[in-house]
Each structure stands twice: as structure tokens, then as C-alpha cells.
1. Classify the stretch 147-280 from the C-alpha gyration tensor, please: rounded if a/c falls under 1.5, else prolate or oblate depending on whether a/b exceeds b/c.
2. Show me the chymotrypsin sites (Phe, Trp or Tyr not before Pro) within the stretch 1-51 that DSSP assigns to loop and that have at most 10 other Cβ atoms within 10 Å of their Cβ.
3. Would you kindly work out the equivalent ellipsoid of the chain from its C-alpha gyration tensor and give its semi-axes, the square roots of five times the eigenvalues, largest first in whole Å?
4. If the stretch 1-114 were replaced by its equivalent ellipsoid, with semi-axes equal to the square roots of 5 times the Cα gyration tensor eigenvalues, what would those be, largest first, whole Å?
5. Rg and Dmax of the stretch 81-175, using alpha carbons, in Å: what are they?
6. Divide by every residue of the chain the summed helix terms, -39500 (n - 2.57) for each DSSP H run of at least 4, and state the resulting mean residue ellipticity at 222 nm, rounded to the nearest 500 deg cm²/dmol.
7. Quick one: 3J(HN,Hα) in Hz for the stretch 176-183, Karplus 6.51/-1.76/1.60 with θ = phi - 60°, rounded, Gly and Pro as x.
8. Near residue 121, which aspartates and glutamates are there with a Cα under 20 Å away, not counting those fewer than 8 places off in the same chain?
Amino acid sequence: MNIGYLGPEATFTDYAARQLFKEAKRIPFVSIPECMDAASTGEIDAAIVPLENSIEGSVNLTIDYLVHETDLQIVGEAVVPIRQHLLVHPDNMEKWRGAEQIFSHPHALAQCHKFLHKEFKGIPLENMSSTAAAAKYIKKHPERNIAAIANSLAAEEYGLVAVTQNIHDYSYNHTVFAVLAKEGHEFPMSSTQESKTSLMITLPSDRAGALHQVLSAFSWRKLNLSKIESRPMKTGLGKYFFIIDINLKMDDVLIPGAIAELEALGCTVKLLGSYSSHKV
Ligand SMILES: O=C(O)C(=O)Cc1ccccc1
């Protein structure tokens, strides 16, 4: 089995892939859309990409690409603890406090905002496609006094030194990674914790109380929701769709009943996936 992930080697996504798919061949991609496209075309069996972080919120690129650009479904998710460290080239380990630029994925920079504000005020931050891409760049440029924010796997992989550990601003820092595949793909994944069903819902336009009616379709069936999030439709200001997560695997009665009720209200409903969540 071939699993694509946001690379290069030693990203947090790579760590999630290693934990979930111990036997699979892992293939790195330079961006989330490229990884998802490869799953759509069948080049890989599944894509694993970051979906949501407990400090920074949703990875909008993943949600928007999933909804607007692909036919993929969510077939599983992994919840991974995230520890961010400041990594430098061994040549620079004595002078890292004078680093002139700090590189990382935008989510990682945001997770360490307070640390950066305190220790590196005014120092330029550079967005990279992933934390490991930042670490790889630092490895290639020993002549520059620069640093990356990345994990200990990346420190090992790229021969860097973690000069300050656990620099994320809140000790509870977890990211959810989604496993995406074409409809009908079943994945053997171990240690199931809980089940979820994710729906994308578009409301009928300009109807007072439409969202209230949507929520009541779940509420009177006692369907527990774990997430409701709105994202722009990208067709005009004020036009949004909703992502709703139900804490239950797709069944024969309750969820189909709720979907039928929503459609009768004039909503459009798309199943994004019904899957298991794994704590790794
Ligand atoms: O850049 C990475 O290592 C990723 O896998 C994306 C990411 C970035 C920051 C926190 C969690 C995941």
C-alpha cells in the first residue's frame, strides 16, 4: 500500500503516517494539494494531511481543497501530540540567540508566537511548506545563522541541534491528521478510539432560522456534534457552507434520517466521510 504525505521526511504528517500505517510505503509530496491530487488519480492509495490544530484551528487549505477540488473522502483520522523545538545547524549552536531569520510551516510559527515575540522580537519569520522543509533548508545553509521550528524527528533526520525544546505556547498542542482516499477504499487501522461522520452542508439562501433548523435535525435525534465550522463558498461575500462532525459512524437510520430532513429543508448535504479516530 502506498501512502502519500506532506513531506519531506520527518514532518509531523510523516510521524502520523508512520504511526497509522506501519507496513505501508510512504511517499512524500511538497504540498497538500499535490498529495491529494495523487490520491485522486490513483497514484497513491491514500493521502495523509493536517486538518486541524488545537492552538491554531483548521488547516483551511486542506478543508477547501477537499471540498472544492477533489472527490476524496475522509477514511480515518489520527490525533497526534505536537512538540515544537528550535533547531539550528551544529555550526551555529553557540550563537543561535542571534539568529537572523526563523523558518517553519505557518501553523508551527503561530503555535510558538509568544516564544518568538519574547525571544526573537523583530526577527523575520519565513513560511515554508512544512516544518521538515524548514529543517532541511537549515541543514543546507550552515553559513547562515538561521533556525527552524520543527520536531525531534526532523532534528535527527537533518542532523540539527534542538537548542530550545517545547517552545509551543500552550502545553496542550495536538493536531488532527486526515486520511483521504477515493470512495470505497477500506483501511485496516489499529487502536480505534471513536467514530465520526463529517458532513458538508449548504443552507438555502436567505431563510431566517435555517441554521437553527439544521441543528434541530441533529438535536432531536440526540446526535452529538463535535464540530461546526463555517467556510466561505468562494462565490461571494457572506456565502458560507458548514462542516459538521457527528460523533457516530454512519448508521442505517439516524444519520440518513437527519440528512433527508436537511434536504427537505432545502439544504445541500455532502458526506465527507464516516471513519474512525485514532490517538497515536
Ligand atoms: O509541517 C509539518 O510538519 C506538518 O506536518 C504540518 C504541520 C505543521 C504544524 C503542526 C502540525 C502539522
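The values are calculated or read from the model by the stated rules, or taken from the named source; none is laboratory data. Small disclaimer: the values here were computed from a predicted structure and weren't measured. Please note: Cβ atoms are built from the backbone with ideal geometry, for glycine as well, and neighbour counts cover all protein chains shown. For the accessible areas, the whole protein counts, side chains as well, though only heavy atoms, and no ligand, DNA or RNA atoms are used. Shrake-Rupley method; radii C 1.70, N 1.55, O 1.52, S 1.80 Å.
1. Prolate is the answer for the stretch 147-280, as a/c is 1.5 or above and a/b outweighs b/c.
2. Sparse-neighbourhood loop chymotrypsin sites (Phe, Trp or Tyr not before Pro): none present.
3. 38, 21, 16
4. They are 29, 16, 13 Å, listed largest first.
5. Both quantities, over Cα of the stretch 81-175: 11.7, 35 Å.
6. -8000 deg cm²/dmol
7. Per residue, the Karplus-derived 3J(HN,Hα) values read 9, 10, 9, 9, 10, 8, 5, 3 Hz.
8. Of all the aspartates and glutamates, those that pass the test against residue 121 - Cα under 20 Å, at least 8 places apart if same chain - are 94, 100, 169.
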